[in-house]
Amino acid sequence: MSASLFQRKMHNKEISNRLWLIYSESKKSVFCGPCLLFGCYGQNSFCNSDGLNDWKNATVCVGQHENTQDHKKCILSLKDRGSVLGKIDHDLTAQLDKEISYWREVIKRVVAAVKTLVSRGLPLRGDAEKIGFKNNGYFLMLLEFLSKFDPFMNEHIKNYANKGSGSTSYLSKTIYEELIELMAKKVRETIIAEVKKVKYYSIIVDLTPDISHVDQLAFILRYVLPNGVAVERFVKLLDNVGHTGTDMYNAVKETLKTLQINFNDLRGQPYDNAAIMSGIYKGLQALIKKDNSLAHFTPCAGHGLNTVGTHAADCCPEAISFFGLNQNVYNFFSESPARWNVLQSFANSKNITLKSLSNTRWSSRANAVDMLYKFWEEIYGALISIEENLLEKAATKNTANSLRRKLEHLEMAIMVNVWNVILDRFNVVLKRYKTSVRV
């Protein structure tokens, strides 16, 4: 007989003693104490007169026995009887209950801190995972703040902070990462339950690289709640699914299967106009429609409008030059507080706020062009002032001179008027589209 028979390895890798298992020296066998006392005598090897001594299969037999309903009922009967009549280990049990209550209070505060931070999209980890360090991250910072007003948390941090690995404190990244996984699982289960309740849904997927240059496919479900409100729920990110319509199709099918959502209830596919998404033969929408003809594809109007703006500018060298000048003016003044102050000195009590261009949202370029349109004279005057300043560096004066000369061109003045009108119409169309989608 192995001594490990009297211990049980839990799923979380913790070791639990099997206090119910009793070894008889006279019988050279093991018995189940609670089952002998409360009613299943003779039903199995643990309860008969000889006990269990099949050491080859003992581990399997013990594991099977402790998961039976009869055994669990006997354990509860023993616990209930002890609660009524008292137990020899009463003080030990009271101490254990106190310990359990203590850690429950700790985990309540830790869970509240994690929920507060992740619900606002804030990072938890810092450069140093230690209490008392200024760069230890938002999670430990929030617990330190809480400890100033909560005597319980203050005492816990004093006793358990910075103990290192191998000690239980519930203050490490291991615990909050596990909590985030549990919360995400619960949220995902709620979303899936909502989808199954309303039955029909649409999917929105988009591929983009993250900060570590790993391609991630964002998977979003869109559906209408019973009260008539349309909602979009982010479900998960899929890493490195591939860059073809077939790869993305397989990823979508596998994700829906994993989430246990019926593929045949899919009714909509709103994607952008990229070939791998909208292609009529090998695009994602075409492959899905082969299996589900009711999954209608709706191209993104906002993306289409941005594409129109992009091609309208790319086919015109003057437009390319104009937008390049717009960005260069912003870069020149925003790179130096001194230059920015010179620009503000020409504002005449106005607040000049130059805007950078956006490469993805053409509608947002309207703000940048509008600033150049409104403050053309002020910008021109600031450039002359910097160019004539004898204390400025030669490179700075040369850049100011180059930008001033470009602003003097008539075609630039025409372009700022033309594109200001065009981009204003972009915004009007997008606002109408967004309003119609919400309705």
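Tabulated data
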item: Filter result (outside any strand (DSSP E or B), closer than 24 Å to residue 119 by Cβ and of a type outside the set (A, V, I, L, M)) within the range 198-211; result: 210
item: Of residues in the range 234-255 being touching a residue at least 12 places away in the same chain (Cβ under 8 Å) and among the small types (Gly, Ala, Ser), the one surrounded by the most Cβ atoms within 10 Å (Cβ to Cβ); result: 245
item: Unmet requirement for residue 289, which otherwise passes all of (1) at pLDDT 85 or above; (2) among the basic types (Lys, Arg); (3) over 30 Å from residue 217 (Cβ atoms); result: (3)
item: Residue within the range 210-221 that is hydroxyl-bearing (Ser, Thr, Tyr) and closer than 18 Å to residue 296 by Cβ present; result: no
item: Qualifying residue in the range 226-233 (condition: assigned to a strand (DSSP E or B), farther than 30 Å from residue 309 by Cα, in contact with a Leu (Cβ under 9 Å, 6 or more places away or on another chain) and open to solvent by 20 Å² or more (accessible area, probe 1.4 Å)); result: no
item: Conditions (1) among the charged types (D, E, K, R); (2) farther than 17 Å from residue 139 by Cα; (3) modelled with pLDDT under 90: number failed by residue 173; result: (2)
item: Some residue of the range 404-427 being of a type in the set (Phe, Trp, Tyr) and modelled with pLDDT under 80; result: yes
item: Evaluation of residue 92 against (1) open to solvent by 90 Å² or more (accessible area, probe 1.4 Å); (2) at pLDDT 85 or above; (3) under 30 Å from residue 150 (Cβ atoms) (one fails), failing number; result: (2)
item: Test: residue in the range 278-288 that is part of a helix (DSSP H, G or I), open to solvent by less than 70 Å² (accessible area, probe 1.4 Å) and touching an Asp or Glu at 6+ places or on another chain (Cβ under 8 Å); result: yes
item: Those residues of the range 125-160 which are open to solvent by less than 50 Å² (accessible area, probe 1.4 Å), farther than 17 Å from residue 108 by Cα and among the hydrophobic types (A, V, I, L, M, F, W, C), in sequence order; result: 128, 131
item: Of residues in the range 61-89 being hydrophobic (A, V, I, L, M, F, W, C) and open to solvent by 90 Å² or more (accessible area, probe 1.4 Å), the one modelled with the highest pLDDT; result: 76
item: Some residue of the range 362-377 being within 26 Å of residue 319 (Cβ to Cβ) and outside any helix (DSSP H, G or I); result: yes
item: Hits in the range 99-124 (condition: of a type in the set (Gly, Ala, Ser), loosely packed, with under 11 Cβ neighbours inside 10 Å and over 16 Å from the mean Cα position of the chain (by Cα)); result: 101
item: Residue in the range 292-341 that is surrounded by the fewest Cβ atoms within 10 Å (Cβ to Cβ), counting only those that are in contact with a strand residue (DSSP E or B) (Cβ under 9 Å, 6 or more places away or on another chain) and not β-branched (Val, Ile, Thr); result: 294
item: Selected residue (criterion: nearest to the chain's Cα centre (by Cα)) from residues of the range 171-183 that are open to solvent by 70 Å² or more (accessible area, probe 1.4 Å) and of a type outside the set (Asp, Glu); result: 182
item: First in the range 271-291 and without any contact (Cβ under 8 Å) to a residue 24 or more places away in the chain and under 14 Å from residue 250 (Cβ atoms), second anywhere and open to solvent by 20 Å² or more (accessible area, probe 1.4 Å) and assigned to a loop (DSSP other than H, G, I, E, B), Cβ under 9 Å, 6 or more apart; result: none
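The values are calculated or read from the model by the stated rules, or taken from the named source; none is laboratory data. Model, not experiment: these values are computed from the prediction. Positions of Cβ are generated from backbone atoms using ideal geometry, with glycine treated the same way; all protein chains shown enter the neighbour counts. Quick note on the areas: whole protein, heavy atoms, side chains included, nothing else; ligands and nucleic acids left out. Shrake-Rupley method; radii C 1.70, N 1.55, O 1.52, S 1.80 Å.
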